[in-house]
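Reviewing the structure listed below.
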Amino acid sequence: MLKVFNLLIIGLFFMSSDPQTGFKEKQKTYSRVRTAYSEKESSLKKELEAKGFEFSKINKIFIRALKKEMDLEVWIQKSDGKYHLFKTYKFCSFSGILGPKMKQGDLQIPEGVYTIDRFNPWSNFYLSLGVSYPNKADRINSPYKSKGGDIFIHGNCVTIGCIPITDEFIKEFYVLCVESKNKGHEIPVHIFPFRMNFDLKTIPSYSDYAEGAEKLWPNLQPIFKDFDEKKTLSKISIDEKGMYVLN
């Protein structure tokens, strides 16, 4: 009976343990991830320290992409609970036009609220991280049967709807994301058409933009402004009409 009790205690211990424990170790079994750590960890530590961060204390990070500016921002949460900008990577190339992705093969980079849902340590583009497109909003708002998918932030400098930042910078970016994921955190990714800090009514026409932009952009703007003002991430849900709702 005592043996059974002890086994139950051990089982409960493992059930309550962080489900991501060992994630970094597993990732580092892949040669490209080991190379990324070998080449970038030391310089990342110095750069983080110079900007008031600590490598060992990386917890929650937030990724914000701005398509027109071709900026991929990495924000890191500090002990004050607010996110602080660590670094901006530039898109190496761009496909499609401003506006949401609606279907397979349209070459569009999605716009909306996503998460990193896959780590690919053996990508065709060196290293890559999957973006959770299509989400509920995308599935509701697209009239097309095939919405597309397999959207990644990756290395190299080619794209048909993804965000490439070169092999050198994907090494840094991948290491930062592994460090956060290893502590059990989800990594949010918000993709905007541009910095949404102006009156959208000044846009004379939506005819130059992708299908769906006129509906989506006014829905995304409050999310952009909310983070810009607070530097915290509010809870965001998606209603049955495919609209983002700030909670």
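Taking each DSSP H run with n ≥ 4 as -39500 (n - 2.57) and averaging over every residue of the chain yields -10500 deg cm²/dmol at 222 nm. Amide H to amide H, with H built 1.01 Å from N, residue 115 comes under 5 Å of 132, 189, counting only residues 5 or more places away or on other chains. When +1 charges are put on Lys and Arg Cβ atoms and -1 charges on Asp and Glu Cβ atoms, the dipole computed for the range 70-177 relative to its Cα centre reaches about 320 debye.
Suppose we look only past 19 Å in the calculated P(r) of the range 138-191. What percent of the Cα-Cα pairs does that tail hold?
Tail fraction, whole percent: 45.
Reported to the nearest whole Å, the Cα centre-to-centre distance from the range 54-106 to the range 223-247 is 16. Using a cutoff of 8 angstrom between alpha carbon atoms and counting only pairs six or more residues apart, the relative contact order for the chain works out to 23 percent. For a 4.7 Å threshold on C-beta separation, the list of partnerless cysteines in the chain reads 162, 177. Summing Lys, Arg as +1 and Asp, Glu as -1, what charge do residues with Cβ under 10 Å from the Cβ of residue 96 carry, residue 96 excluded? Net local charge, residue 96 excluded: +1. Charge dipole (Cα centre; +1 on Lys/Arg Cβ, -1 on Asp/Glu Cβ; no other charges) of the chain amounts to roughly 520 debye.
Length gained on full extension, residue 45 to residue 104: 17.3 nm, using 0.36 nm per residue less the C-alpha separation. May I ask for log10 I(q)/I(0) of the chain at q = 0.08, 0.10 Å⁻¹, from a Debye sum over the Cα atoms as equal point scatterers with solvent left out? Taking Cα atoms of the chain as identical point scatterers yields -0.34, -0.52. Helix 2-16 versus the longest principal axis of the chain: what is the Cα-based angle in degrees, 0 to 90, to the nearest 10? Roughly 30 degrees between the two axes. Taking the charge dipole of the chain about its Cα centre, with +1 at Lys and Arg Cβ atoms and -1 at Asp and Glu Cβ atoms, the residue from 234, 102, 163 reaching farthest to the positive side is 234.
Computed from the coordinates by the stated procedures, all read-outs in this text should not be read as laboratory data. Please read all numbers here as calculations on a predicted model, not as lab measurements. FYI the Cβ positions are ideal-geometry reconstructions off the backbone, even for glycines, and counts take in every protein chain you see.
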